[in-house]
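Report on the structure given below.
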Amino acid sequence: QKSKVRVLTVGSSPGADYCVTHTSVRNSRVHFQVNARPFIFPGAAGFLAANAAMAIAMAESVGVSLAEMPESWDDLCLPEGRFQEQFLVRDIRIIYDGYNASPASFEAALEAFELMEATGRKFLVFADMLELGDESPQYHERLGRKASRSLLDYALAYGPNAKGSIEVIRQETPFIHAEHFEDAESLALFLKDQIRAGDLLLLKASRAMKMDRVLEILHQKKWEAEPQSRL
């Protein structure tokens with residue numbers, strides 16, 4: 001008000017100037033609406049619909065009308081390690097989000113992961129969120145509570161702080177198979193013998209925790225070929 005600038009609001013509230021609704025993830029594409037206008041971009045990061053809506057608001061504020069904007073943003077490419085969808089053989093999908101991890105980004109990733117459909121089981125594979133100072137134990141306990149309320153079948157972790165998250169999950173949700181490991185290698189060796197066709201995995205940690213090592217070991221596994229169907 002003091003600087004006499006025009007203020008635009010973006011969000012899920014009905015009162016927002018750019019209201020984001022109907023966010024879903026289907027067939028490796030994020031679908032959402034802004035003021036009832038549908039848009040689509042590739043990937044599985046449903047939480048990025050809010051960022052996309054901010055881009056739409058900025059574009060329209062400099063003269064590009066909502067009606068002119070393309071519905072499908074096929075040329076969008078997310079940075080490496082940011083909620084990237086990968087495939088192992090036998091229809092096993094991995095969402096690799098190992099570039100960074102903060103409490104806010106982890107919660108957003110879990111919410112997006114919940115929106116994703118899987119014919120098999122869902123695995124949360126994670127490690128410590130770093131650079132949280134003295135409040136790190138509380139943040140990891142809160143992460144455990146958030147994960148325990150998610151639709152997960154497995155929660156597997158390594159790192160000293162992530163151990164607190166696993167303990168909370170065990171206490172609050174006995175039906176989730178929650179297990180802590182000493183390092184990335186031991187977790188990956190356990191995991192590669194558990195996963196099967198149709199499973200969906202979310203891999204998330206701060207970059208220094210080397211979650212890419214888990215990904216590397218999974219890709220090294222020699223998967224048995226699926227039997228050919230007979231007509």
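The values are calculated or read from the model by the stated rules, or taken from the named source; none is laboratory data. In this text the structure is predicted, and so the values were computed from the model without any measurement. Ideal geometry is used to build each Cβ from the backbone, glycine not excepted, and the neighbour counts take in all protein chains shown. Accessible surface is based on the protein model in full, side chains and every heavy atom, while ligands, DNA and RNA are left aside. Shrake-Rupley method; radii C 1.70, N 1.55, O 1.52, S 1.80 Å.
Could you look at the chain and say what percent of its accessible area is carbon and sulfur, using a 1.4 Å probe and all protein chains? Present the calculation step by step, with values, prior to reporting the outcome.
On the way: 6480 of 12810 Å².
The nonpolar share, carbon plus sulfur, comes to 51 percent.
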Rounded if a/c under 1.5, otherwise prolate or oblate - the stretch 57-135, Cα gyration tensor axes: oblate
Fraction of beta bridges assigned by DSSP in the chain that are antiparallel (%, nearest 5): 40
Counted charge near ALA162, where neighbours are those whose Cβ lies closer than 12 Å (Asp, Glu -1; Lys, Arg +1): -4
Around MET58: net Lys/Arg minus Asp/Glu count, Cβ-Cβ under 15 Å: -2
222 nm mean residue ellipticity, helices alone, for the chain (DSSP H n ≥ 4; -39,500 (n - 2.57); rounded to 500): -9000 deg cm²/dmol
Heavy-atom surface of the stretch 81-122, accessible at 1.4 Å and reported per residue (Å²): 42
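By the scheme Lys and Arg +1, Asp and Glu -1, what is the net charge of all other residues having a beta-carbon under 14 Å from that of LEU8?
Local charge sum for LEU8: -1.
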In Å, descending, principal axis extents of the Cα set of the chain: 61, 57, 29
Longest DSSP-loop-exposure-free segment, trypsin sites (Lys or Arg not before Pro), the chain, at most 10 other Cβ within 10 Å: 7-221
Label zone at ALA104, where the point sits 7 Å out along the Cα-to-Cβ direction: the stretch 28-56 residues whose backbone N lies under 20 Å: 45-56
Long-range amide H partners of PHE83 with built H, under 5 Å: ASP97, GLY98, TYR99
